[in-house]
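Since the structure comes first, as structure tokens, the remarks are kept for the end.
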Amino acid sequence: MSVAQTLLSQDMCEYCQRFDLLDMLNDAVLLLDAQDGDILFMNQKALELYQYDKSEMKALSITVLSHDAAETTKDQMAMVINQSRKGFVFTANHVRKNGTIFKVEISARHLMMHGRNVVAALIRNVTIDAKIREEVAITGKIQRRLLPGDLETVLFHMCTIYQPLQGLSGDLYDVKYDDENRVLYGFIVDVMGHGLVATGQSGILRYLFRQAVEKRVPINGKLAWINNEVIPFFSSGGFAASLLFEFDFTRKILSYSSAGINQFFCLGGEEPAVIKSPGLFLGINQDETYDQSLLSFQSGDSFFFMTDGLFEMIQQPLAHSHTFRSMHELCKNLAVSQAIADDASAIGILIR
């Protein structure tokens, strides 16, 4: 035990010596001698974090726990003392007894305890947070790569927009083109939330969409089947807004069925229009029924199906001068603007 450690223990009153009260905290706490950095006290969480026992604590100093250069550690201690009234928050690399290096966030403050200069430090391991952020970033990249890209055929041109508000998105879209029967199926989804749960639920919905398009039932029957299958994955709460559509290029008929995404844009004819369609969200009611609507189309018409995060950003009524290209540019610019407050996704279809 250092001289400072001995004197601190001897000179403090009985109440102050009861450092065991700090063992009740869920955060690691260190008390250091402000002059030489010797460890005066480590609570139980700190001992567990650094993998030492109480008998070993007596020989420790901050330079033993820190993996940074000695000068860096010294400068950090000086900064804490200089900022004694406000405290000082910084990050550092620390090391466990077994040699494992990990990043910590330290909230430290200089105190006077019975005439002695002491630094009290609250230690938080942020390595786990960094690992989670890394995994979220990887998941976001995978999520994006699974989405279909732009598609060009003799019958139509398709462009897409996908812009998560954060690393992960609750939005998802998918299409499947049946070249033999000249039918394009599409599905756009907005799951409540932006995190890992929403990402998982949207992935399940994509899988169900792929199965639903193979079923020989009307478009609203496909949507009802998706709803029934996804109900268990929303049992703990939440829901998903979606719209399912089908372009039949032989009959020149667009069939669509809505479940919470209740509108889309149609450019063609005399003026741009907002097509509205009712329907309850997915994941709420078992055996929910959905409407099916039909709309004829012709060469030159275009359609934009999008999630609310983007739809609500578009000023209405639409300008008569809007073309497929100008509408696509508008959506792209809005999706990356500072005013956007939600995930933004869209599918644009131009009929050849």
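The values are calculated or read from the model by the stated rules, or taken from the named source; none is laboratory data. Owing to the predicted nature of the structure, the values given are computational and were not obtained by experimental measurement. Quick reminder, even Gly has a Cβ in these numbers, built from the backbone with ideal geometry, and neighbours come from all protein chains shown.
Remarks
For every residue, the table says whether it meets (1) among the acidic types (Asp, Glu); (2) in contact with a strand residue (DSSP E or B) (Cβ under 6 Å, 6 or more places away or on another chain); (3) under 14 Å from ILE123 (Cβ atoms).
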| position | (1), (2), (3) |
| --- | --- |
| ALA34 | no, yes, no |
| ASN43 | no, yes, yes |
| ALA46 | no, yes, yes |
| HIS94 | no, yes, yes |
| ASN98 | no, no, no |
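- Of all residues in segment 192-230 being farther than 16 Å from PHE247 by Cα and polar (S, T, N, Q), the one that is surrounded by the fewest Cβ atoms within 10 Å (Cβ to Cβ): GLN211
- Options VAL183, VAL189; residue that is closer than 29 Å to SER299 by Cα and buried (at least 20 other Cβ atoms within 10 Å of the Cβ): VAL189
- Count of segment 284-306 residues which are of a type outside the set (D, E, K, R), closer than 20 Å to HIS157 by Cα and surrounded by 13 or more Cβ atoms within 10 Å (Cβ to Cβ): 8
- Tally of residues being modelled with pLDDT of 95 or more and farther than 15 Å from PHE209 by Cα across segment 236-266: 16
- Restricting attention to segment 164-177, the residues being surrounded by fewer than 21 Cβ atoms within 10 Å (Cβ to Cβ) and modelled with pLDDT under 95 number 4.
- Qualifying residue in segment 289-305 (condition: free of Cβ contacts under 8 Å to residues at least 24 places away in the same chain and assigned to a loop (DSSP other than H, G, I, E, B)): no
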